[in-house]
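First the structure, in the form of structure tokens, and then the observations on it.
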Amino acid sequence: MKARRPGRPRIPVGREVLLQHAREAFAERGFAGASLAHIAECAGIRKASLFHHFESKDALYLEAIGTTLAPIGQLVAEAAVSAGDFVARLDSLSVGIARALGGEPVAARLLFRELVDRGRFLHGPGAVVVEQVLGAGQAFLQAGMDEGAIQPGNPAHLMMTLVGVHLAFFAAPDLSESMLGQSPFDEAVVADRAEAVRLQVRRLCGARA
């Protein structure tokens with residue numbers, strides 16, 4: 001995103017706009033490499049103005065990660081508690097996550113970097129949130145195993161495999177684009193990816209069609 005000249009903006013910069021600039025910076029540079037000065041410059045404000053919204057760099061980072069993970073957590077939670085055919089819910093969850101990640105170009109890279117870097121969210125206040133999301137996912141998979149809708153196995157191992165399936169394609173966009181010849185975030189590519197993931201997840205789970 002093109003940086004604006006810092007100063008007093010004609011229209012006040014909202015919290016969500018600042019969070020989006022922060023997500024992009026943290027996804028590209030990591031926590032240590034992304035400076036508040038750079039984020040403020042991209043938003044067209046002074047660094048000091050960031051502190052009207054966020055008390056520290058840590059606070060900004062934790063909210064950037066938390067608001068990125070929240071929609072995915074909501075999809076997992078809904079799938080885990082919804083009634084109806086398990087495989088249909090599995091399909092819906094797979095497509096929903098793929099579309100969510102494909103619709104926000106920095107989301108997968110930001111989450112993947114946090115996992116690899118063993119960052120402040122995963123090993124700090126956000127640990128409870130991550131455990132809730134993963135726990136809900138494992139419980140969902142275990143329920144499918146218990147009812148015979150998918151093959152029995154270790155739901156934790158299966159869950160981690162599915163994390164990789166969902167994140168890798170969008171977290172490494174240059175590699176995906178070099179293989180496809182198109183941006184992985186093009187609308188048609190996202191739709192194709194969502195369908196591919198749906199089928200891959202079914203096979204990995206040994207879903208009974």
Self-check item: Those residues of segment 166-190 which are free of Cβ contacts under 8 Å to residues at least 24 places away in the same chain, surrounded by fewer than 18 Cβ atoms within 10 Å (Cβ to Cβ) and assigned to a helix (DSSP H, G or I), in sequence order
Solution: D174, L175, E177, S178, M179, L180, E187, A188
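Is it the case that segment 80-88 has a residue that's assigned to a helix (DSSP H, G or I), assigned by TED's automatic domain parsing to the domain that holds V129, surrounded by 22 or more Cβ atoms within 10 Å (Cβ to Cβ) and of a type in the set (A, V, I, L, M)? Working first, answer last.
Residues of segment 80-88 that are assigned to a helix (DSSP H, G or I), as a first pass: 80-81, 86-88.
Filter once more, so that each one left must be assigned by TED's automatic domain parsing to the domain that holds V129: 80-81, 86-88.
In the following step, the residues that additionally are surrounded by 22 or more Cβ atoms within 10 Å (Cβ to Cβ) were identified as 86.
If we keep only those that are of a type in the set (A, V, I, L, M) as well, we get none.
The answer is no, given that none of the residues of segment 80-88 is assigned to a helix (DSSP H, G or I), assigned by TED's automatic domain parsing to the domain that holds V129, surrounded by 22 or more Cβ atoms within 10 Å (Cβ to Cβ) and of a type in the set (A, V, I, L, M).
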Exercise. Output yes when any residue across segment 90-98 is under 26 Å from A34 (Cβ atoms), at pLDDT 95 or above and in the same structural domain as L199 (by TED's automatic domain parsing), and no when none is.
Key: yes
Quiz item: Only one of (1) in a helix (DSSP H, G or I); (2) surrounded by fewer than 19 Cβ atoms within 10 Å (Cβ to Cβ); (3) within 18 Å of the chain's Cα centre (by Cα) fails for A156. Which number is that?
Solution: (3)
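From the residues in segment 90-104 that are over 20 Å from A171 (Cα atoms) and in contact (Cβ under 8 Å) with a residue 24 or more places away in the chain, which one is surrounded by the fewest Cβ atoms within 10 Å (Cβ to Cβ)? Break it down into steps so the answer makes sense when it comes.
Filtering segment 90-104 for residues over 20 Å from A171 (Cα atoms) gives 90-92.
Now drop any that are not in contact (Cβ under 8 Å) with a residue 24 or more places away in the chain, which leaves 90-91.
Numbers: L90: 22, D91: 20.
Among those that are over 20 Å from A171 (Cα atoms) and in contact (Cβ under 8 Å) with a residue 24 or more places away in the chain, it is D91.
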Quiz item: Which of the following residues is in contact with a Phe, Trp or Tyr (Cβ under 7 Å, 6 or more places away or on another chain) and of a type in the set (A, V, I, L, M, F, W, C): A108, A168?
Solution: A108
Practice problem: Scan segment 33-69 residue by residue and report those that are surrounded by fewer than 16 Cβ atoms within 10 Å (Cβ to Cβ), assigned to a helix (DSSP H, G or I) and of a type in the set (K, R). | Solution: K47
Quiz prompt | Hits in segment 200-209 (condition: in a helix (DSSP H, G or I) and surrounded by 13 or more Cβ atoms within 10 Å (Cβ to Cβ)) | solution = Q200, V201, R202, L204, C205
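The values are calculated or read from the model by the stated rules, or taken from the named source; none is laboratory data. Computed from a predicted model, the values in this text were never measured in an experiment. Cβ coordinates were reconstructed from backbone atoms using ideal geometry, including for glycine residues, and neighbour counts include every protein chain displayed.
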